[in-house]
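Student: There's a structure below that I have some questions on.
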Amino acid sequence: MKSALITGITGQDGAYLAQLLLGKGYKVHGLVRRSSTTDVNDVRLRWLGIAGDVNVIDGDLSDLSSLMRIVRAAQPDEVYNLGAQSFVKTSWQQPLLTGAITGLGCAAMLEAVRLEKPDAHFYQASSSEMYGMIQEPMQSETTPFYPRSPYAAAKLYGHWMTVNYRESFGMHASSGILFNHESPLRGIEFVTRKVTDGVAKIKLGMASELRLGNIDAKRDWGHARDYVKAMWLMLQQEAADDYVIATGRTVSVRDMCEIAFQHVGLPLEKHLVIDPELFRPAEVDVLLGNPAKAKAKLGWEPETSLEDMIREMVDADLARLSTGR
């Protein structure tokens with residue numbers, strides 16, 4: 001039986017990845033930061049019906065000693081570093097925390113693996129936000145980075161540290177440069193989930209408007225359930241490498257909203273309100289990924305369209321709000 005350690009296991013990607021690995025017969029360990037709300041932090045694992053199948057271990061990405069202890073105890077064959085302060089807006093409000101967890105936390109995890117289980121295969125969750133002010137119309141593994149937020153800068157540090165540990169110590173350390181990926185498990189603060197939750201509330205008569213910032217920003221959106229498969233495929237390769245994971249299609253926030261409103265038969269113009277307070281200090285206008293390398297080397301392709309994903313998310317929010325679950 002293979003063993004895997006997932007940081008950020010209670011997040012969207014961590015939950016879907018745990019489900020995937022359990023289905024493949026893995027023993028799954030999950031690092032969880034201790035807090036007074038531990039009883040509600042596993043809501044995504046419970047939603048997928050796997051909370052009881054995961055071995056949860058208390059630890060913190062800012063504490064190298066706890067990471068070394070966890071790696072020593074779990075002896076994982078694969079380590080997936082998904083833990084981060086991952087909300088871009090919050091990174092301007094808490095830049096040092098974002099740097100410490102999203103950036104230095106990756107380095108600490110790499111160091112713990114190097115010292116305790118150097119033969120483990122390591123995955124770092126890099127981000128398309130690292131491209132920021134895009135230097136090429138379609139971003140690939142060779143496109144120069146230009147981060148436009150503290151979050152993106154922290155992710156870039158973690159990305160290059162992963163490359164450094166691979167080249168310096170011969171570790172099987174790969175980075176997935178994942179473009180936006182969503183699902184019903186997405187946090188309510190992220191724009192896609194904010195839209196689907198807002199549309200569901202308007203449909204049910206619980207709200208009358210949806211307030212958003214820059215709806216002209218364009219993103220390459222896929223489904224998290226598809227993207228965690230790419231993470232696993234990277235760690236099954238003979239040699240470690242970096243891969244862009246994307247759909248190759250970019251759509252504006254406005255168009256994404258239109259899909260959600262159309263699904264419930266409501267007019268977007270009647271309910272959408274543009275709020276200048278919700279604009280970012282520095283915007284990333286367009287992101288469009290080139291997944292050709294992942295397709296060629298991993299045999300990976302996205303399976304869920306944006307339209308189907310948004311409809312799934314709206315339906316999930318309608319069900320949740322209707323039942324109170």
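The values are calculated or read from the model by the stated rules, or taken from the named source; none is laboratory data. This is a predicted model, so every value here is computed, not measured. When we count neighbours, we look across all protein chains shown, and the Cβ atoms used for this are built from the backbone with ideal geometry, even at glycine.
Student: Can you give me the number of residues within region 97-155 that are part of a strand (DSSP E or B), touching a residue at least 60 places away in the same chain (Cβ under 8 Å) and within 15 Å of the chain's Cα centre (by Cα)?
Tutor: Total satisfying the criteria: 3.
Student: Among the candidates T250, T323, which residue alone is β-branched (V, I, T) and either surrounded by 15 or more Cβ atoms within 10 Å (Cβ to Cβ) or within 27 Å of I177 (Cα to Cα) (or both)?
Tutor: Being β-branched (V, I, T) and either surrounded by 15 or more Cβ atoms within 10 Å (Cβ to Cβ) or within 27 Å of I177 (Cα to Cα) (or both) holds for just one of T250, T323, which is T250.
Student: State whether one or more residues within region 54-73 are touching an Asp or Glu at 6+ places or on another chain (Cβ under 9 Å) and closer than 15 Å to Y16 by Cα.
Tutor: So far as region 54-73 goes, yes, one or more of its residues are touching an Asp or Glu at 6+ places or on another chain (Cβ under 9 Å) and closer than 15 Å to Y16 by Cα.
Student: Another one. Taking the conditions exactly as written (part of a helix (DSSP H, G or I), modelled with pLDDT of 95 or more and surrounded by 21 or more Cβ atoms within 10 Å (Cβ to Cβ)), does D197 satisfy them or not? It would help to see each step written out before you state the result.
Tutor: Working: part of a helix (DSSP H, G or I): yes; modelled with pLDDT of 95 or more: yes; surrounded by 21 or more Cβ atoms within 10 Å (Cβ to Cβ): yes.
Yes: the conditions hold for D197.
Student: Taking region 49-89 only, how many residues are surrounded by fewer than 23 Cβ atoms within 10 Å (Cβ to Cβ) and without any contact (Cβ under 8 Å) to a residue 60 or more places away in the chain?
Tutor: 19
Student: For region 225-247, enumerate the residues that are part of a loop (DSSP other than H, G, I, E, B) and surrounded by fewer than 22 Cβ atoms within 10 Å (Cβ to Cβ).
Tutor: If the condition is that a residue be part of a loop (DSSP other than H, G, I, E, B) and surrounded by fewer than 22 Cβ atoms within 10 Å (Cβ to Cβ), then L235, Q236, Q237, E238, A239, A240, D241 are the ones that fit.
Student: Evaluate region 260-278: report whether one residue or more is surrounded by 14 or more Cβ atoms within 10 Å (Cβ to Cβ) and touching a Gly at 6+ places or on another chain (Cβ under 6 Å).
Tutor: Checking region 260-278: at least one residue is surrounded by 14 or more Cβ atoms within 10 Å (Cβ to Cβ) and touching a Gly at 6+ places or on another chain (Cβ under 6 Å).
Yes/no per residue for (1) part of a helix (DSSP H, G or I); (2) at pLDDT below 95:
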site	(1), (2)
I6	no, no
I9	no, no
L20	yes, no
L31	no, no
R34	no, yes
V40	yes, yes
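Student: If you don't mind, there's one more thing I want to ask. Taking the stated definitions as given, is E141 buried (at least 23 other Cβ atoms within 10 Å of the Cβ), touching a strand residue (DSSP E or B) at 6+ places or on another chain (Cβ under 9 Å) and of a type in the set (D, E)?
Tutor: Considered against the rule, which asks whether it is buried (at least 23 other Cβ atoms within 10 Å of the Cβ), touching a strand residue (DSSP E or B) at 6+ places or on another chain (Cβ under 9 Å) and of a type in the set (D, E), E141 comes out as no.
Student: In region 71-89, how many residues are farther than 18 Å from G158 by Cα, assigned to a helix (DSSP H, G or I) and in contact with a Ser or Thr (Cβ under 9 Å, 6 or more places away or on another chain)?
Tutor: Of the residues in region 71-89, 2 are farther than 18 Å from G158 by Cα, assigned to a helix (DSSP H, G or I) and in contact with a Ser or Thr (Cβ under 9 Å, 6 or more places away or on another chain).
Student: A follow-up question, please. Scan region 213-224 and tell me whether some residue there is in a helix (DSSP H, G or I) and under 20 Å from I177 (Cβ atoms).
Tutor: yes
Student: Given the criterion in contact with a strand residue (DSSP E or B) (Cβ under 8 Å, 6 or more places away or on another chain), assigned by TED's automatic domain parsing to the domain that holds A200 and not hydroxyl-bearing (S, T, Y), identify the matching residue among L278, L298.
Tutor: Checking each option against the conditions leaves just L278.
So that you can scan it fast, the table gives a plain yes or no per residue for (1) assigned to a helix (DSSP H, G or I); (2) more than 22 Å from the chain's Cα centre (by Cα); (3) acidic (D, E):
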{"residue": "V284", "(1), (2), (3)": "no, no, no"}
{"residue": "W300", "(1), (2), (3)": "no, no, no"}
{"residue": "E303", "(1), (2), (3)": "no, no, yes"}
{"residue": "V314", "(1), (2), (3)": "yes, no, no"}
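Student: Restricting to region 144-188, give me the number of residues that are surrounded by fewer than 20 Cβ atoms within 10 Å (Cβ to Cβ), closer than 16 Å to I134 by Cβ and either among the aromatic types (F, W, Y) or not assigned by TED's automatic domain parsing to the domain that holds S126 (or both).
Tutor: Selection size over region 144-188: 1.
Student: Somewhere in region 247-256, is a residue within 14 Å of K293 (Cα to Cα) and either at pLDDT 95 or above or among the polar types (S, T, N, Q) (or both)?
Tutor: Of region 247-256, the ones within 14 Å of K293 (Cα to Cα) are 247-248.
After this cut, where a residue has to be either at pLDDT 95 or above or among the polar types (S, T, N, Q) (or both) as well, the list is 247-248.
The answer is yes; a qualifying residue exists.
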